[in-house]
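Colleague: Before anything else, here's the structure in question.
The values are calculated or read from the model by the stated rules, or taken from the named source; none is laboratory data. Note that the structure is predicted; figures quoted are calculated from it, not measured. Cβ atoms come from the backbone with ideal geometry, glycine included; neighbour counts cover every protein chain shown.
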Amino acid sequence: MQPTELHHDKFLQILWNEKSQIIGIKWKATTASMTDENFKDELALFAAHVEQKKAPGILVDVCDFRHKMSPAVQEWRVKNISTRYNAAGVQRFAFLLPTGSQIPPMMNQSSAGEKFATRAFADFDSAVNWLTAGQIQHSAAD
């Protein structure tokens, strides 16, 4: 099943896969010109989609992400975005890095206050398999 595009703009594309219950961001190379405020606005927009879909899995493709955020933005993200993911019921959060990338250990840990597991992958299928492995599947009879 192909994902549905929920949003598309200069910096990102937001995709939703109903079958796998994965919502994702595909960042674009144009992020090289984005400001920290642009980044915050985009994450707030994405968080609203996560809340609407109650997605248990998030996949963020950073293969073309070029923005260099300031250290304060990470704190802001945990306080203002991760709390929204927690409330929406996110269970797993995956980063997709370019094929063959070395994955820094810090990419495989959640930040303080995040109630969801975080991992990074250099392979799309591995990321999707991990994101869906912990989900509770509901049948039509439920």
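Colleague: With respect to Val73, is the statement that it is in a helix (DSSP H, G or I) and touching a residue at least 40 places away in the same chain (Cβ under 8 Å) true?
Modeller: Answer is no for this residue.
Colleague: Enumerate the pairs (first residue in the range 41-66 and modelled with pLDDT of 95 or more; second residue anywhere and hydrophobic (A, V, I, L, M, F, W, C) and surrounded by fewer than 15 Cβ atoms within 10 Å (Cβ to Cβ)) with beta-carbon separation below 8 Å, excluding pairs fewer than 6 apart on the same chain, so at least 6 apart or on different chains.
Modeller: Within 8 Å, the pairs are Glu51/Ala87; Asp64/Ala29; Arg66/Ala29; Arg66/Ala32.
Here is a yes/no grid of residues against (1) over 22 Å from Ser101 (Cα atoms); (2) small (Gly, Ala, Ser); (3) over 15 Å from the mean Cα position of the chain (by Cα):
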position: Lys40; (1), (2), (3): yes, no, no
position: Phe46; (1), (2), (3): yes, no, no
position: Lys53; (1), (2), (3): yes, no, no
position: Pro56; (1), (2), (3): yes, no, no
position: Val60; (1), (2), (3): no, no, no
position: Cys63; (1), (2), (3): no, no, no
position: Val73; (1), (2), (3): yes, no, yes
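Colleague: Collect the residues in the range 36-70 that are assigned to a loop (DSSP other than H, G, I, E, B) and surrounded by fewer than 20 Cβ atoms within 10 Å (Cβ to Cβ), keeping them in residue-number order.
Modeller: Selection gives Lys54, Val62, Cys63, Asp64, Arg66, His67, Lys68, Met69, Ser70.
Colleague: Can you pull out the residues in the range 80-126 that are part of a loop (DSSP other than H, G, I, E, B) and among the hydroxyl-bearing types (Ser, Thr, Tyr)?
Modeller: Thr99, Ser101, Ser110, Ser111, listed by residue number.
Colleague: Separate question: Take the conditions of a type outside the set (S, T, N, Q), at positive phi and either in a loop (DSSP other than H, G, I, E, B) or touching a Leu at 6+ places or on another chain (Cβ under 9 Å) (or both) and apply them to Gly24. Does it pass?
Modeller: Judged against the criteria, Gly24 is not a match.
Colleague: OK, next. Could you tell me whether the range 120-131 includes any residue that is farther than 24 Å from Thr4 by Cα, without any contact (Cβ under 8 Å) to a residue 40 or more places away in the chain and buried (at least 16 other Cβ atoms within 10 Å of the Cβ)?
Modeller: Looking for residues that are farther than 24 Å from Thr4 by Cα, without any contact (Cβ under 8 Å) to a residue 40 or more places away in the chain and buried (at least 16 other Cβ atoms within 10 Å of the Cβ), one finds none in the range 120-131, hence no.
Colleague: Restricting attention to the range 71-88, which residues are among the charged types (D, E, K, R) and surrounded by fewer than 16 Cβ atoms within 10 Å (Cβ to Cβ)?
Modeller: Selection gives Glu75, Lys79.
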